[in-house]
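K.L.:
Sharing a structure here in structure tokens format.
The values are calculated or read from the model by the stated rules, or taken from the named source; none is laboratory data. Owing to the predicted nature of the structure, the values given are computational and were not obtained by experimental measurement. So basically every Cβ, Gly included, is an ideal-geometry build from the backbone, and we count neighbours across all protein chains shown. What goes into the accessible areas is simple: the full protein's heavy atoms, side chains included, and nothing from ligands, DNA or RNA. Shrake-Rupley method; radii C 1.70, N 1.55, O 1.52, S 1.80 Å.
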Amino acid sequence: MATDLEQRIAELRASLRPGQQELADWQAGPLAVSAVPGAGKSYGMAVAAAITLARQKLNRAQQLVIVTFTRSAATHLKQQVRQHLRELQLPMSGFTVQTLHGLALNIASRHPQLSGIHLEQVTLITPNRHHRLLRQCVEQWVADHPRIYQELLVRGTFDGEETERLRRQSVLRSDCLPELAAIAIREAKSSGLNPQQLYALAEQVQDEVSVLEIAAGLYERYQRLLQSHQLIDYDDMILAALQVLDNPSARQVWQKQVFAVFEDEAQDSSPQQSKLLEILALQANNAHIQNLVRVGDPNQAINSTFTPADPIFFRKFCRQSQARQRLATMNQAGRSSTIIIQAANFMLNWINQSQLAGQEQPFQPQAIQTVAHHDPQANANPAPEDRGLEIYTPNDIYQTADLIGQRVCQLLSDHPDANAAILVRENKQGSFLAERLNHPDQKVNLAAYGIDILDVGGGSRQTQVPFEMLTLLQFLARPHSPNALKAALQILVDRQLIPAQEVHPLASQPETFLYPGPLDRPQSEKVQEARIFCCKLLRSRWELPHYRLISFLALSLKYNAAELATADKLAARLSQQAQGAPSMTTTLPILQELISAERFDPVDVEDVESQYLRKRQLTIITMHKAKGLDWDFVFLPFLHARIIPGELRIPAASQFLGPFSLAEVARAQIRANVHNQFPLPNMEEAWQRASDLKSAEEFRLLYVAMTRAKRLLWMSAAKQAPFNWNWFDWQRQTKLDTQTLCPILKPLQAQFPQAVLSNLSRPAIISHQNSDAQSICNT
């Protein structure tokens, strides 16, 4: 029997590449696995987990703990491990696959006396409630620190004018201070700092504005609010689990249950998350043995914008492992054609040498290699489509859309079993391309060729319907509230229903904006258009019965079919819960509760879940969301220096505070403390470090986007593009500006001259003749 099992293990191991085999051969101790895009990290980990379970013959009290970043990744990894255990004819037990936060909550909830987390008494805070608590802690801080608040209010040039004072108050209370609270609290918690430690840290920085002191005050009040409402956030789960493991007896209980820890996507871990796994991986009977396997790619660390993750921690683990000869590399990747791999490697090396990210080095030097000639995995390094790499410089964004449409038609007609994707940096870019490519007046209508377009960003807009309805109803209920008016105006700008403009000045004096008098300053055309739209909404409250308001608002926002269906479902739900007598006083609390508890599911008129990779489909998706996916043909438009790497921008409304963002300064100062970079940077130095970190991550994001392509990578930067995509409305013919290319494009053109195509070098397009037949004709 043992011989048969060893034979099956050998066959399964033979399906792996060299780097994956090193992972499968692990038996004990720490191991770092540094992988490249397309190397098969998850597949290698699943096989390694199955082989480990087969060889170790764990007792029932022990488990192999596999940790990954998201719930979807955990589900996929669990299915893969089970499949390989079936191949080995072994029971599907002895392991668990969890997210980091799921594992932490499991530990904390088992020891409520140590962690302070009683699941029957506390609730995980929802995003909407989190935002409300941040606003509350800001208001409390302002009330407790009037002197510091007034100093912030009058910074820069200030003549005491009441209108300007009101505008600055709105900016500080609704934007700057809540943003500072959100980022500083998240960074501090993930670094293991409590409010008192953050206060102590603030004393080490001598600045005219003590950003960390303000952040500590906000943090202190936020924690009080959490406790008073019996709420916890995701960071509290990690901290509570660590608090449990600080207890020697509890720690030994958990270490006896854990044989080893396998971590996927290790580049996305924060310091406290890494500490949690390191403690669990220590063996209870021998504290000198740490069974910890961490797999990741520091060059694909793209989440520090949203999380406290930093690739420096995984890089450090790799260096320590290499010193102990415990470092494996997965540098062979079979996803992409050779020319695409060459372009990605060139980009990595050139960016590192360019010093465009200042003192930050965006990438760890690690080249992607093609697989060996007799690779055990099928379809490795597919043949390129035509050149495999195409670089264009269209005249404007409209020509960009035309070129993409024509190329997609040709590719998916020639290869009906293939798929394609457009990866964008911002959702607004995706919305423009989806509308432009779907427009009936376009030169190439993809629908006519049987090619579906899936706009992932647009497909999820119906999830915003309850929030938008609540915001507009709150405006109708309290039109003279600056916060209510500002929120409503922002939705109208985002929906491109009124001209793009700064909403703070309008919201600071609602009566003057909505009902200007003869002595008030004349309004511009943009402001007049916004006022007329708002007044139309206000009239609806008095002219329509309450039960019809949501339908009217949905039509006013020009909702699509899915959004209208969701709005109708929401209206019916509200009417039912209001017991057939809906009014503003009954509707608003019910709607707030639905959103806070996230108990309302949108209506999907089309099944868009798990359809990003369908055949004969063009998927439009952000670069961030594309990580972990791949397509035959990938298009990367709008590669401008203003977007990648871009720069940390200070909104015009908050520039009175100075040439920096309070939130980014706090983030950089807290991270400097975590990395033992003393003395801590002052505001100017912290702002520069934050800017460098942002540039480094943007270049890594482009690297991730490039390595999603299998057979064709199409890149472009239009000469004319919007200055700000958030304010762009192509149907209103918003003015375009001359844009500078992303700094990597010209070096790529010089390195791969055969990839440079003129805008007139358009491929053949498809002439649609009937539903069953297509022929190719030249443009």
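K.L.:
Leaving out ligands, DNA and RNA, what percent of the accessible area of the stretch 455-574 is carbon and sulfur, probe 1.4 Å?
P.N.:
54
K.L.:
What accessible surface, in Å², does a 1.4 Å probe find on Trp350, ignoring ligands, DNA and RNA and rounding to the nearest 10?
P.N.:
Surface accessible to solvent at Trp350 totals approximately 70 Å².
K.L.:
Sequence gap at least 6, Cα distance under 8 Å: using those rules, report the relative contact order of the stretch 27-125 to the nearest whole percent.
P.N.:
In percent, rounded to a whole number, it is 26.
K.L.:
In Å², what does the accessible area per residue of the chain work out to with a 1.4 Å probe?
P.N.:
Accessible area per residue, the chain: 44 Å².
K.L.:
Solvent-accessible area of Tyr547, probe 1.4 Å, all protein chains present, reported in Å² to the nearest ten, please.
P.N.:
150
K.L.:
How do Ser583, Ser481, Ser758 rank by accessible surface area computed with a 1.4 Å probe, from largest to smallest?
P.N.:
The residues order as Ser758, Ser583, Ser481, largest area first.
K.L.:
Still on this model: For Phe259, what residues show an amide H to amide H distance below 5 Å, using hydrogens built from the backbone and excluding near sequence neighbours?
P.N.:
Here Gln63, Leu64, Val65 satisfy the definition.
K.L.:
Right, something else. For log10 I(q)/I(0) by the Debye sum over Cα atoms at q = 0.05, 0.08, 0.09, 0.10 Å⁻¹, the choices are (i) -0.51, -0.85, -0.94, -1.03; (ii) -0.29, -0.78, -1.00, -1.24; (iii) -0.35, -0.80, -0.96, -1.11; which was calculated from the structure?
P.N.:
Read-out taken from this structure: (ii).
K.L.:
In terms of the ratio Rg/(2.2 N^0.38 Å) built on C-alpha atoms, what value belongs to the stretch 44-164?
P.N.:
Compared with the compact-globule rule of thumb, the stretch 44-164 sits at 1.86.
K.L.:
Quick one: order Trp730, Trp141 from most to least accessible surface, probe 1.4 Å.
P.N.:
Output order, biggest surface exposure first: Trp730, Trp141.
K.L.:
Eigenvalues of the Cα gyration tensor times 5, then square-rooted: what semi-axes does that give for the stretch 355-414, in whole angstrom, largest first?
P.N.:
30, 26, 8
K.L.:
What residue among Met469, Trp350, Leu64 has its Cα farthest toward the positive end of the dipole of the chain, where the charges are +1 on Lys, Arg and -1 on Asp, Glu, each on the Cβ?
P.N.:
Sorting the options by dipole projection puts first Leu64.
K.L.:
Continuing with the same structure: With every protein chain in place, what's the accessible area of Phe306 (1.4 Å probe, Å², nearest 10)?
P.N.:
Result for Phe306: roughly 110 Å² accessible.
K.L.:
Separate question: Return the subset of Lys316/Lys710; Lys526/Lys719; Lys428/Lys615; Lys189/Lys625; Lys625/Lys746 for which the Cα-Cα distance in this structure is over 29 Å, preserving the input order.
P.N.:
Lys316/Lys710
K.L.:
Here's another thing I want to ask about it. Counting only protein heavy atoms and a 1.4 Å probe, tell me what percentage of the stretch 92-141's accessible area is made up of carbon and sulfur.
P.N.:
Of the solvent-accessible surface of the stretch 92-141, carbon and sulfur hold 51 percent.
K.L.:
Right, here's the next one. For every helix of n ≥ 4 consecutive DSSP H residues, a contribution of -39,500 (n - 2.57) applies; sum these over the chain, divide by its total residues, and give [θ] at 222 nm rounded to the nearest 500 deg cm²/dmol.
P.N.:
-15500 deg cm²/dmol
K.L.:
Test of understanding: what is the full-extension gain from Gln490 to His118, defined as 0.36 nm times their sequence separation minus their Cα-Cα distance?
P.N.:
130.0 nm
K.L.:
Please report the antiparallel percentage of the DSSP beta bridges confined to the stretch 612-771, to the nearest 5.
P.N.:
DSSP beta bridges in the stretch 612-771 are roughly 40 percent antiparallel.
K.L.:
Next question. In whole percent, what relative contact order does the chain give with Cα contacts below 8 Å and a gap of six or more residues?
P.N.:
19 percent.
K.L.:
While we're here: Looking at the chain, send over the antiparallel percent of its DSSP beta bridges, to the nearest 5.
P.N.:
Of all bridge pairs located within the chain, approximately 15 percent are antiparallel.
K.L.:
While we're here: Please work out the Cα center distance from the stretch 372-387 to the stretch 534-572, rounded to the nearest Å.
P.N.:
Rounded to whole Å, the Cα centres lie 54 Å apart.
K.L.:
Excluding residues on the same chain fewer than 8 positions from Lys569, give the lysines whose Cα lies under 18 Å from its Cα.
P.N.:
Within the straight-line cut-off, Lys569 pairs with Lys558.
K.L.:
Could you derive backbone 3J(HN,Hα) for the stretch 476-483 from the dihedral phi with the Karplus parameters 6.51, -1.76 and 1.60 (θ = phi - 60°), listing whole Hz in sequence and x where the residue is Gly or Pro?
P.N.:
My calculation for the stretch 476-483 gives 5, 6, 9, x, 9, 7, x, 5 Hz in order.
K.L.:
While we're here: Report the normalised scattering of the stretch 123-270 as log10 I(q)/I(0) at q = 0.14, 0.15, 0.16 Å⁻¹, calculated by the Debye formula with identical scatterers on the alpha carbons.
P.N.:
Debye intensities relative to I(0), on a log10 scale: -0.80, -0.88, -0.96.
K.L.:
Around Met623, what is the net charge, scoring Lys/Arg as +1 and Asp/Glu as -1 over all other residues with Cβ under 9 Å from its Cβ?
P.N.:
Computed value for this residue: +4.
K.L.:
Would you work out what percent of the accessible area of the stretch 320-443, with all protein chains in place, is carbon or sulfur (probe 1.4 Å)?
P.N.:
41
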